[in-house]
Amino acid sequence: MKCKSVEELQQFVDEAKIYAKFGKVADYIPALGKANPNDLSVAIYYPDGTVVYAGDSKRKVTLQSISKIISLALVLMERGEKDVFEKVGMEPTGDPFNSIAKLEETAPVKPLNPMINAGALVVTHLIRGNSPEERIHKLLAFVKSLTGNPNITYSEEVAKSEFNTAYLNRSLCYFLKQHGIIAENVEEVLDVYTKQCAIEMTCLDLARIGLVFAMDGVDPLTSKRIMPLRIARICKTFMVTCGMYNASGEFAIKVGIPAKSGVSGGILGAVPGRFGIGIFGPALDEKGNSITGIKLLELLSEKYSLSMF
Ligand code: GLN
């Protein structure tokens, strides 16, 4: 069963929007604090090219942590599994996404997974290139191929706002550098990372990326393989086990699809073999996930039996 009409989708959006009042917009990155907590937009992209969307589908929002799944896919393609998983683990954590606690407990030091900030910073540092500019452009080129949208770029304002205030991420980097996990200049890692997190797009672009993952790495609209099957599977597995931070278990039970969230309120969903979904709802719950976005996915999952379990 699939959602065919805007009206049908809009009803779910209206129901989910009620929950915005229980959430809060992220403001530890000052530029994100300007978002309207009552916004909620969603797009569903089917393999035949049909798109159903509701809400302000033209609004561009930054990816934030959603970008971690994209940088991971790129780095796995560039370096292979062995090199990447030597430096970052595969296990979920019950700690918040920006926690430093577990880093002290692993010997040798190794971030638990690539979806928490410590792991994502290691992954970003592994993107090959001679300069931060070259590396962010490589990542952007990959995002353009995933979305089929040549105009994708990053928000200078959001990138700068995060770069200027990223004290915690700087601490994580310095800790990782001290222990020989990050080899390069910390400011350069942060430059690429904050630009990566500030890549912006509409919920339609986001849904199109979800569709590529849903179809195991192939863009069904062009029949082009964007990433190897194995890498699409690794990314989807991380989306299930770690994609919603330390709320991934509950999300797996209540929604049951591979998904990745970001503190901008975005959620990228991939319903295996069926469709991609992109959501932007900036009001966040206490774990840093879109409160309206999760509610919307719960409603859609129940109505269209989306759970893969
Ligand atoms: N750029 C954000 C940070 O590093 C991303 C975090 C997130 O979306 N959870 O804090």
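Determine the shape class of segment 1-87: with a ≥ b ≥ c the square roots of the Cα gyration tensor eigenvalues, call it rounded for a/c under 1.5, and otherwise prolate if a/b is greater than b/c, oblate otherwise.
oblate
Distances between placed amide hydrogens fall under 5 Å for Leu284 paired with Lys24, Val25, Ala26, Ile291, all partners being 5 or more residues away or on another chain.
Considering only Leu206, Tyr46, Val123, the residue lying farthest towards the positive end of the dipole of the chain is Tyr46, judged by Cα position with unit charges set on Cβ.
Between Lys254 and Glu157, the distance separating the two model label sites (each 7 Å from Cα on the Cα→Cβ line) works out to 3.1 nm.
If I stretch the segment between Arg59 and Glu81 completely, what's the gain in nm (0.36 nm per residue apart, minus their alpha carbon distance), one decimal?
Working: separation 22, 0.36 × 22 = 7.92 nm, distance 3.56 nm.
So the extension gain works out to 4.4 nm.
The residue among Gly281, Pro220, Asn149 whose Cα reaches farthest toward the positive pole of the charge dipole of the chain, with charges on the beta-carbon of Lys, Arg, Asp and Glu, is Pro220.
Distances between placed amide hydrogens fall under 5 Å for Val218 paired with Ile226, all partners being 5 or more residues away or on another chain. Stretching Glu188 away from Arg230 to a fully extended chain increases their span by 12.1 nm, per 0.36 nm per residue minus the current alpha-carbon distance.
Report the residue, chosen from Thr194, Thr165, Thr153, that carries the largest GNM mean-square fluctuation when the chain is represented by alpha-carbon nodes joined by springs under 10 Å. Fluctuation is largest for Thr165. Segment 241-278 and segment 107-158 have Cα centres spaced 20 Å apart. Basic side chains Lys and Arg get +1 at the Cβ, acidic Asp and Glu get -1 at the Cβ, and with that the dipole of the chain about its Cα centre reaches some 520 debye.
Which helices count as membrane-span-like in the chain under these terms: full DSSP H, at least 15 Å along the axis by C-alpha, Kyte-Doolittle mean of 0.0 or more?
For the chain, where a helix must reach 15 Å along its axis and average at least 0.0, the hits are 67-79, 203-214, 229-242, 291-304.
With 28 Å as the limit on Cα-Cα distance, the pairs of Lys144/Lys254; Lys110/Lys138; Lys58/Lys195 that go past it are Lys144/Lys254. Over the chain, dividing the summed -39,500 (n - 2.57) contributions of all DSSP H runs of at least 4 residues by the number of residues returns a 222 nm mean residue ellipticity of -13500 deg cm²/dmol. Each other residue within a Cβ distance under 9 Å of Leu296 adds +1 if Lys or Arg and -1 if Asp or Glu, for a net charge of 0. Taking packing as the residue-averaged number of other Cβ atoms within 10 angstrom, the listed peptides 210-220, 120-130 run from highest to lowest as 210-220, 120-130. A Förster distance of 25 Å, applied to the separation of the beta-carbon atoms of Phe22 and Asp95, puts the FRET efficiency at 0.60.
Quick note: the coordinates plus some simple rules give every number you see, no bench work behind them. Note that the coordinates shown come from a computational prediction; the quantities given were computed from them, not determined experimentally. Don't worry about glycine lacking a Cβ; one is built from the backbone with ideal geometry, like all the others, and counts go over all protein chains shown.
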